[in-house]
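Peer 1: I am attaching a structure below and will ask some questions about it afterwards.
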Amino acid sequence: AATAMAGDLMSVLEANVPAIFGGGPLAKETALAIARKRDLSEIRIVSLTRQTADRLADELSSLLGLKVRATSSPQDACSGASIVVTVTSAVEPLLFDGDIQARTLVAAIGSGTPNRRELDGPLVGSAGQIVVETLEPAASEAGDSIPAHRAGLPNRTGLPPPPGSRPS
């Protein structure tokens, strides 16, 4: 629900195509919550296996009565998407700077521990704005921003740099 609220408040007004990375219950709930807040034209699903993505796409399509498309390509999912949500347990980046178009809201909600990463450092560094739920835990637990800060990429969170990082 928090991601849907953020999407509603921070994405461009015409945002009507979300790409959801993940195939589990949280991905489903996130897609449903976004659909309650936005007049969507399509949802795109990417998951670790195509079978999981197809299953979730079919279920969401049935529940929402709109086009939900499974794809195995992050680039395909993100092309034209105005909201991109990662809800995975990935430990290596799934999304890269070149995958995301300007003015796209990216919500990386699966990387809440230092060893998880859904976004590469240059993607985090290219963000116009970074918003975190709570500042103190994010400084030591945000798996996507810690490596970016250590690499010296811009710090737009307002967080203190983690130990061992170069100032930005």
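Peer 1: Can you send over the carbon and sulfur percentage of the accessible area for region 11-118, probe radius 1.4 Å, protein chains only?
Peer 2: Answer for region 11-118 is 51 percent, counting heavy atoms of protein chains only.
Peer 1: To continue, here is another question. Ignoring ligands, DNA and RNA, what accessible area per residue does region 14-60 give at 1.4 Å, in Å²?
Peer 2: 46 Å²
The values are calculated or read from the model by the stated rules, or taken from the named source; none is laboratory data. What you see is a predicted model, and the numbers here were worked out from it, not measured in a lab. These area figures cover heavy atoms from the full protein model, side chains too; ligands, DNA and RNA do not enter into them. Shrake-Rupley method; radii C 1.70, N 1.55, O 1.52, S 1.80 Å.
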